[in-house]
Amino acid sequence: MKTKLLYCLIASVALIFASCTNDENSDNNSSILPKRITYRDKNNKIYQTTIFSYNGNKIESISSENIYIDFTYDGNRIVKENQYRNYGESHTEKSYSYSNDNLKIVTKSLNGKKTKCVYIDNGDGTIKKEIYEIDIKTGKQSESYSIDMLTFEKGNIIKSVLHWADGAYIHTYHYGYDVRNNAFKNILGFNLLLDQANLGFSELNFFSINNIKEYSVSTSRDPEIVLDPYDGMVFEPYSEKSVYEYNKQGYPTKKTSYNEDGSVNETIEYTY
């Protein structure tokens, strides 16, 4: 067991995504999958219920009151995702391509617009994400309009630094985790989607190994580009903390998120 734990600590990010295991992450628990998630607001009122449907460990669809998502696999990898919002009024299609189970390119089509994300593994625990716009009529690709540097540790994203193309604003996100099982860790292929696995819900960590317990975001600006801080967008620093309740297998059954002032932001309940 000590050898296995040591291997998990020193393995590459790609191997951690695919194979990092411990007692709570054993194959005996691989059938534990979230079937329903209930979201409650600060007043404990239910505002959304999300239903998950599967074929074995492969996710087939996720649905709630105003969004429906279906998935297509090629082997054990998710290669396409369709999102329908407001009963089909809005449709988003994502296509995923990989190299050796590492996410490489994501194309997204929404309301006549197309974007492309290119992921570059730097080999040092960081992955660079370049985002481009694509002209649907000509197929011409723009210069990258944003660059996001993602930092990973033990299968979790711990930092994201987003640079807009003009360099005016830099958004920095920090994430802290518990040591328990992520509710979604047994969904086949989710761990390969990296930050693409947000799926339009307030839950942030669909792809990670563990559960986010601390989250913060701050924004800095280049004074040479934005001369007057009030002459453009103004971003206040934001942070929140989460407290979890777990089942005996170490998976969360309830998550309560708190604002900076200690007030409840929302509560999420997991049913397996």
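Could you list, in sequence order, all residues of the stretch 131-178 that are in a strand (DSSP E or B), of a type in the set (Gly, Ala, Ser) and under 15 Å from the mean Cα position of the chain (by Cα)? It would help to see each step written out before you state the result.
First, the residues of the stretch 131-178 that are in a strand (DSSP E or B): 131-134, 141, 146-153, 156-164, 169-177.
Now drop any that are not of a type in the set (Gly, Ala, Ser), which leaves 146, 160, 176.
Matches in the stretch 131-178: Ser160, Gly176.
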Query raised in the report: Limited to the stretch 95-121, what total is found for residues that are charged (D, E, K, R) and modelled with pLDDT under 90?
Result: 1
Query raised in the report: In the list Thr72, Thr92, which residue meets the criterion of being β-branched (Val, Ile, Thr), surrounded by fewer than 15 Cβ atoms within 10 Å (Cβ to Cβ) and under 28 Å from Lys35 (Cα atoms)?
Result: Thr72
Query - Subset of the stretch 139-154 (residues that are surrounded by 13 or more Cβ atoms within 10 Å (Cβ to Cβ) and free of Cβ contacts under 8 Å to residues at least 12 places away in the same chain) - result: Ser142
Report summary line: All-but-one check, Lys80 against (1) at pLDDT 95 or above; (2) under 19 Å from the mean Cα position of the chain (by Cα); (3) surrounded by 16 or more Cβ atoms within 10 Å (Cβ to Cβ), failing number (3)
Query raised in the report: Quick one: how many residues across the stretch 100-116 are over 20 Å from Asp74 (Cα atoms) and either among the β-branched types (Val, Ile, Thr) or not in a strand (DSSP E or B) (or both)?
Result: 3
Query raised in the report: Do we find a residue being within 20 Å of Asn191 (Cβ to Cβ) and either outside any strand (DSSP E or B) or in contact (Cβ under 8 Å) with a residue 12 or more places away in the chain (or both) anywhere in the stretch 37-48?
Result: yes
Report summary line: When Arg180 is run through (1) at negative phi; (2) of a type in the set (D, E, K, R); (3) out of contact with any Gly (no Cβ under 7 Å at 6 or more places or on another chain), the failure sits at (3)
Report task. Kindly provide the set of residues from the stretch 126-137 that are within 21 Å of Gly155 (Cβ to Cβ) and surrounded by 14 or more Cβ atoms within 10 Å (Cβ to Cβ), ordered by number. Result -> Thr126, Ile127, Lys129
Report task. Can you confirm whether the stretch 82-89 contains a residue that is under 15 Å from Ala197 (Cα atoms) and not polar (S, T, N, Q)? Result -> no
Query raised in the report: Considering only residues of the stretch 219-239 that are over 21 Å from Asn182 (Cα atoms) and modelled with pLDDT of 65 or more, which is surrounded by the most Cβ atoms within 10 Å (Cβ to Cβ)?
Result: Arg221
Query raised in the report: Could you say whether any residue in the stretch 103-113 is surrounded by 13 or more Cβ atoms within 10 Å (Cβ to Cβ) and over 20 Å from the mean Cα position of the chain (by Cα)?
Result: no
Requested in this report: Looking only at the stretch 240-263, decide whether some residue is within 29 Å of Lys128 (Cβ to Cβ), assigned to a loop (DSSP other than H, G, I, E, B) and at pLDDT 90 or above.
Outcome: no
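The values are calculated or read from the model by the stated rules, or taken from the named source; none is laboratory data. Fair warning: this is a prediction, and the values are worked out from it, not measured in the lab. Glycine also receives a Cβ, built like all others from the backbone with ideal geometry; neighbour counts cover every protein chain displayed.
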